[in-house]
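S.K.: Mind having a look at this structure? Questions to follow.
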Amino acid sequence: MTDRQASDTQSAELLNELIECTRDGERFFLDAAEHVDDRVAKGVFRQMAEVHQRLIDALGDHVLARGAAPAPGRTLAGGARQLYARALASLRDDAPVYVAQLEEAEDRLLERYRSALERSPNARVRGILERHLPTVQAAHLRMSRLKDLYRHGGPAA
């Protein structure tokens, strides 16, 4: 295996890790939108799922460019967190529960992107991650602000 092939393999693996984590968020947002009663939260969750899907698509293109297949699945931990949130939401007001859990998921995703940036195998991958990081940061900030709104009585308050 040449150095270039090894670098492409490492790059594809790193990007695929991010695809799986981003897909966790996308599926979690879609699930929350389906189960939450609050229409404001439902709309935000659908928009956030779209943001995550665009990130998945963009990262997938970069994986394909490195001769690998984009990761089709998600992480086991992401699926477990989604089920946990659904169980909690069934016991109390669902929107604040989902918002809090999704904000934590966005925390983890942002941390994964930052970690990937630090361990990126080459400048090309760092450039990709640097271009996508503002989107991940904005998504995190949006959920953080929504969490604060719910903490003070909800988006309509």
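A short reminder: the numbers here are calculations on the coordinates, not readings from a lab. Quick caveat: nothing in here was measured; it's all calculated off a predicted structure. Every residue, glycine among them, receives a Cβ derived from its backbone with ideal geometry; neighbour counts consider all protein chains shown.
S.K.: Extension gain LEU133-ASP148, at 0.36 nm per residue separation less the Cα-Cα distance, in nm?
M.R.: 3.2 nm
S.K.: What are the DSSP H helices in the chain that stretch 18 Å or more along their long axis, judged by alpha-carbon atoms, and whose average Kyte-Doolittle hydropathy comes to at least -0.5?
M.R.: For the chain, where a helix must reach 18 Å along its axis and average at least -0.5, the hits are 39-65, 76-91, 123-151.
S.K.: Round to a whole angstrom and tell me the spacing of the C-alpha centers of the range 105-138 and the range 48-67.
M.R.: 13 Å
S.K.: Which net charge results for the neighbourhood of ALA65, defined as the other residues with beta-carbon distances under 11 angstrom from its beta-carbon, given Lys and Arg at +1 and Asp and Glu at -1?
M.R.: Here the count lands on 0.
S.K.: Looking at the chain as a GNM with Cα springs under 10 Å, which of ASP94, ASP107, ASP37 has the largest mean-square fluctuation?
M.R.: ASP37
S.K.: Quote the relative contact order of the chain in percent (integer), defining contacts as alpha-carbon pairs under 8 Å separated by 6+ residues.
M.R.: It rounds to 27 percent for the chain.
S.K.: Here is a further query. Just order 1-8, 142-149 by mean Cβ neighbour count inside 10 Å, highest at the front, would you?
M.R.: Ranked by mean Cβ neighbours within 10 Å, highest first: 142-149, 1-8.
S.K.: By how many nm would the segment from ARG46 to ARG124 grow when fully extended, if each residue of separation counts as 0.36 nm and the alpha-carbon distance is taken off?
M.R.: 25.0 nm
S.K.: Further question on the same structure: Once you wrap a convex hull around the alpha carbon atoms of the range 3-151, what is its projected area averaged over all directions, in nm²?
M.R.: 8.2 nm²
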